[in-house]
Amino acid sequence: MRFALFVLAAALLLAAAVRDGVDRWVAETDLPNLISDTSVQVVDREGKLLRAYTVDDGLWRMGTGLEAVDPGYIDMLVAYEDRRFWTHAGVDPWAVLRATWQALWNGEVVSGGSTLTMQVARLLEDSGTGAWQGKLRQVRVALALEKTLSKDEILAIYLVHAPFGGNLEGVRAATLAWFGKEPHRLTPAQSALLVALPQSPNGRRPDRHPQVATEARERVLQRAVIEGVLTKESALAALMTPVPNQRRGFPSIAPHMADRAVAQRPEAVVHQVTLSRDLQISLEGLAAKALRGLEDRVSIAMVVVDHHSGEILASVGSAGFSGGDHRQGFVDMTQAKRSPGSTLKPLVYGLSFDQGLVHPETLISDTPIRFGTYAPQNFDGRFRGELRVREALAQSLNLPVVLLTDEIGPANLMAAMSKAGTAPDVPGGVAGLAVALGGVGLSLEELVQLYAVIPQGGLAQGLHWRIGEKIKQRQRVISRSAAWHLGDILSGIAPPKGAPRNGLAYKTGTSYGHRDTWAIGFDGQHVAGVWIGRPDGTPVPGAFGAEVAAPVLFDVFQRIAPELTPLSPPPPETLIVSTGQLPEPLRKFRGRNALFEKPEDALAVAFPPDGATLEGGNSEVILKVKNGALPFTVLANGAPVVEQSRMREMVVPLVGKGSATVTVIDAKGASDRVTIWVD
């Protein structure tokens with residue numbers, strides 16, 4: 001009896017010593033690095049993947065959590081690989097005994113005894129599976145992992161590191177590459193293939209070895225039925241599904257914005273931006289469609305913003321992100337500084353409204369004018385005479401807007417652009433009157449930000465594209481009433497041919513030499529801009545914003561929402577009257593030099609116009625005079641040629657060719673003159 005007790009005690013002491021030794025051996029384990037680099041991801045406002053980047057060794061290793069993976073896949077994985085995973089301490093002695101017995105009985109390895117924890121140990125250290133030293137190391141690390149981590153944490157490491165063929169690591173990379181979807185919802189056929197692949201990731205690649213992959217998947221499905229994870233009916237349906245025959249590309253949506261986000265914060269692993277994935281995809285498709293039929297060096301850019309929040313919802317930098325094409329798709333044209341053409345004209349008019357220079361119903365002249373050596377012309381070379389300011393803006397006439405820019409001053413126009421949050425490039429550093437016609441450099445994103453001022457009632461709205469970014473304090477650029485007037489005028493412009501007449505407020509622009517075409521528009525919720533041109537700045541002959549960019553802008557708004565959001569109603573202080581009801585000083589624009597101009601009823605030579613050329617060697621000219629007191633005396637180059645005439649239309653003889661100054665003097669001594677050229 002005593003001997004038996006002694007043997008029992010000795011056995012217990014030995015077991016305790018072995019246990020303590022194993023515990024010390026496990027406790028002293030030098031664990032591998034549990035945190036590996038995962039692919040940098042850029043996701044949209046809802047967390048949907050836009051773009052991912054490989055890790056340094058060229059692997060797609062996507063971070064994911066247990067909660068983001070289909071539970072059915074997890075159940076199938078555990079049932080097939082390690083059914084006692086949730087209860088063992090890292091090593092499953094029953095599985096080891098089974099594997100050993102099968103190997104002895106069959107003379108070869110039939111099944112492995114590795115647990116999922118041991119597989120995690122192997123994946124973390126990239127150790128082999130055959131040598132006994134490697135197996136022993138896996139056992140030690142597995143036991144240590146079980147002491148350090150929870151079961152969920154161990155499984156999460158497997159989900160990130162398991163190999164799935166080629167340069168794919170982790171279940172999320174696998175589902176994106178093989179199924180084009182996230183792993184949170186998987187079919188039984190998809191789950192079974194994912195369970196089978198890591199055992200021989202390259203030998204079972206479904207795109208290269210479909211038969212081998214199908215047979216391996218079938219074995220997983222059979223085990224799932226035996227373990228009660230899957231019904232026979234579901235397994236049979238899964239068997240009828242073919243394995244994928246090709247690997248899909250990883251998403252590369254909004255590539256320019258993604259690169260911008262990563263460059264700004266290179267240390268971050270996940271970048272969440274304000275873009276809407278669905279809208280971004282739709283507009284990238286529209287960009288490619290819009291360039292069909294245009295020569296192959298033309299590119300396109302688009303920006304869509306919620307002007308209430310300042311969030312950029314879509315940003316298309318080119319029609320295709322390719323470094324080798326003629327379109328230079330790698331260049332983000334939402335950021336390139338280009339001449340905005342006529343798109344700055346609304347700001348000039350808004351500032352003029354606020355300074356009391358004009359009202360939308362004020363009459364203004366569209367006639368030839370010169371400012372020193374600068375003589376602006378309309379795009380078509382024609383002049384409309386006197387018309388309302390509303391019409392001058394809607395028709396995008398150049399001369400009226402230059403007159404107003406001269407009144408408000410180019411420096412004030414530049415200051416307003418700065419208040420709106422833009423940073424225009426000025427050739428030579430000094431802004432002149434040509435600023436109003438596009439003589440500065442602005443990016444598409446800046447132009448959209450500038451136009452957001454109008455539907456926001458004259459307040460600047462800073463744009464941002466990263467979730468959580470701070471909004472800058474807003475500044476007032478123009479008054480509420482001026483902003484409303486601009487929206488009212490721009491929403492009345494006829495749409496391009498084939499576009500819906502939906503009241504979209506918009507403005508087009510074409511830079512000098514047809515280098516850039518623009519269309520910027522807004523409704524009560526969104527502001528969007530389109531640029532089309534060549535990235536290298538060379539001309540696109542015959543391209544006009546109204547014909548090229550405007551139809552695309554209307555397509556953009558149809559893809560944003562089926563219906564436009566109405567603009568805000570006029571604020572109470574808005575003056576809405578006809579021209580005749582305006583205060584006298586606002587009925588007709590005269591400018592700061594009006595006090596020095598002749599009265600409207602003053603003597604004037606009505607014909608010929610000053611600077612006219614008479615061809616054919618004419619020795620006389622028909623002279624027409626308006627106003628003034630009869631009779632008239634006419635001089636040609638200082639010499640009297642007509643005296644005491646009581647006719648307002650007369651024939652005046654001229655002497656010789658060349659320059660001739662014709663002067664008319666009335667009975668009260670008033671005079672007017674014109675200089676003409678006789679060819």
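The values are calculated or read from the model by the stated rules, or taken from the named source; none is laboratory data. Just so you know, these numbers come straight off a predicted model, no measurement behind them. All Cβ positions, even for glycine, are placed from backbone atoms using ideal geometry, and neighbour counts span all protein chains on display.
Below is a table of values for the structure above.
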| read-out | value |
| --- | --- |
| All positions within segment 428-444 that are surrounded by fewer than 21 Cβ atoms within 10 Å (Cβ to Cβ) and in a helix (DSSP H, G or I) | GLY428, GLY429, LEU433, ALA434 |
| Checklist (1) under 16 Å from the mean Cα position of the chain (by Cα); (2) buried (at least 19 other Cβ atoms within 10 Å of the Cβ) applied to TRP484, failing item | (1) |
| Answer from LEU630, LEU614, LEU623 - the residue that is surrounded by 12 or more Cβ atoms within 10 Å (Cβ to Cβ), at pLDDT 90 or above, under 30 Å from LEU387 (Cα atoms) and not polar (S, T, N, Q) | LEU623 |
| Positions within segment 643-679 being of a type outside the set (A, V, I, L, M), in a loop (DSSP other than H, G, I, E, B) and more than 21 Å from PRO631 (Cβ to Cβ), in sequence order | GLY656, LYS657, ASP679 |
| Members of segment 70-86 that are more than 38 Å from the chain's Cα centre (by Cα) and not small (Gly, Ala, Ser) | ILE74, ASP75, MET76, LEU77, VAL78, TYR80, GLU81, ASP82, ARG83, ARG84, PHE85, TRP86 |
| Residue count, segment 277-320 (criterion: surrounded by fewer than 20 Cβ atoms within 10 Å (Cβ to Cβ), closer than 16 Å to VAL42 by Cβ and in contact with a helix residue (DSSP H, G or I) (Cβ under 9 Å, 6 or more places away or on another chain)) | 1 |
| Count of residues meeting criterion [assigned to a helix (DSSP H, G or I), free of Cβ contacts under 8 Å to residues at least 40 places away in the same chain and closer than 18 Å to ASP207 by Cβ] in segment 137-189 | 2 |
| Failed item in (1) at pLDDT 90 or above; (2) on the phi > 0 side of the Ramachandran plot, with VAL389 passing the rest | (2) |
| Only listed residue being modelled with pLDDT of 95 or more and more than 22 Å from the chain's Cα centre (by Cα), chosen from ILE489, ILE560 | ILE489 |
| Any hit, segment 593-612, residues being closer than 29 Å to ALA519 by Cα, touching a strand residue (DSSP E or B) at 6+ places or on another chain (Cβ under 6 Å) and either part of a loop (DSSP other than H, G, I, E, B) or of a type in the set (Lys, Arg) (or both) | no |
| Output for segment 113-138, where each listed residue is surrounded by 15 or more Cβ atoms within 10 Å (Cβ to Cβ) and either acidic (Asp, Glu) or at pLDDT 85 or above (or both) | SER114, THR115, LEU116, THR117, MET118, GLN119, VAL120, ALA121, ARG122, LEU123, LEU124, GLU125 |
| Which numbered condition LEU387 fails, given (1) closer than 16 Å to ALA436 by Cβ; (2) touching a residue at least 12 places away in the same chain (Cβ under 8 Å) | (1) |
| From the options PRO541, PRO583, PRO551, PRO566, residue that is of a type outside the set (S, T, N, Q), outside the structural domain of ASP366 (by TED's automatic domain parsing) and under 27 Å from the mean Cα position of the chain (by Cα) | PRO566 |
| Matching residues, segment 364-375, being in contact (Cβ under 8 Å) with a residue 40 or more places away in the chain and surrounded by 20 or more Cβ atoms within 10 Å (Cβ to Cβ) | ILE364 |
| Residue in segment 196-211 that is assigned to a helix (DSSP H, G or I), farther than 19 Å from ALA162 by Cα and not assigned by TED's automatic domain parsing to the domain that holds ILE532 present | yes |
| Positions within segment 468-495 being in contact (Cβ under 8 Å) with a residue 12 or more places away in the chain and aliphatic (A, V, I, L, M), in sequence order | ILE471, VAL477, ILE478, ALA482, ALA483, LEU486, ILE489, LEU490, ILE493 |
| Test: PRO585 is surrounded by 10 or more Cβ atoms within 10 Å (Cβ to Cβ), modelled with pLDDT under 90 and under 21 Å from SER365 (Cβ atoms) | yes |
| Qualifying residue in segment 398-406 (condition: farther than 15 Å from ARG590 by Cα and either assigned to a helix (DSSP H, G or I) or without any contact (Cβ under 8 Å) to a residue 40 or more places away in the chain (or both)) | yes |
| Strands (runs of 3 or more DSSP E) wholly inside segment 286-388 that include at least 3 residues being within 26 Å of VAL440 (Cβ to Cβ) | 299-306, 311-316, 363-366 |
| Identity of the residue in segment 624-637, out of contact with any Phe, Trp or Tyr (no Cβ under 7 Å at 6 or more places or on another chain) and not in a loop (DSSP other than H, G, I, E, B), that ends up nearest to PHE607 (Cα to Cα) | LYS626 |
| Residues of segment 321-363 that turn out to be at positive phi and either buried (at least 18 other Cβ atoms within 10 Å of the Cβ) or outside the structural domain of GLN395 (by TED's automatic domain parsing) (or both), as a count | 2 |
| Condition met for GLN377 (in the same structural domain as SER352 (by TED's automatic domain parsing) and more than 33 Å from the chain's Cα centre (by Cα)) | yes |
| Filtered residue count, segment 225-282, keeping only those that are assigned to a helix (DSSP H, G or I) and not charged (D, E, K, R) | 20 |
| Residue match in segment 434-450 (condition: more than 13 Å from ARG338 (Cβ to Cβ), without any contact (Cβ under 8 Å) to a residue 60 or more places away in the chain and either touching a Leu at 6+ places or on another chain (Cβ under 8 Å) or not β-branched (Val, Ile, Thr) (or both)) | no |
| Unique residue being of a type in the set (D, E, K, R) and at pLDDT 95 or above when the list is ASP555, ASP536 | ASP555 |
| Residues (crowded, with 20+ Cβ neighbours inside 10 Å and farther than 16 Å from TYR73 by Cβ) located in segment 210-242 | ALA213 |
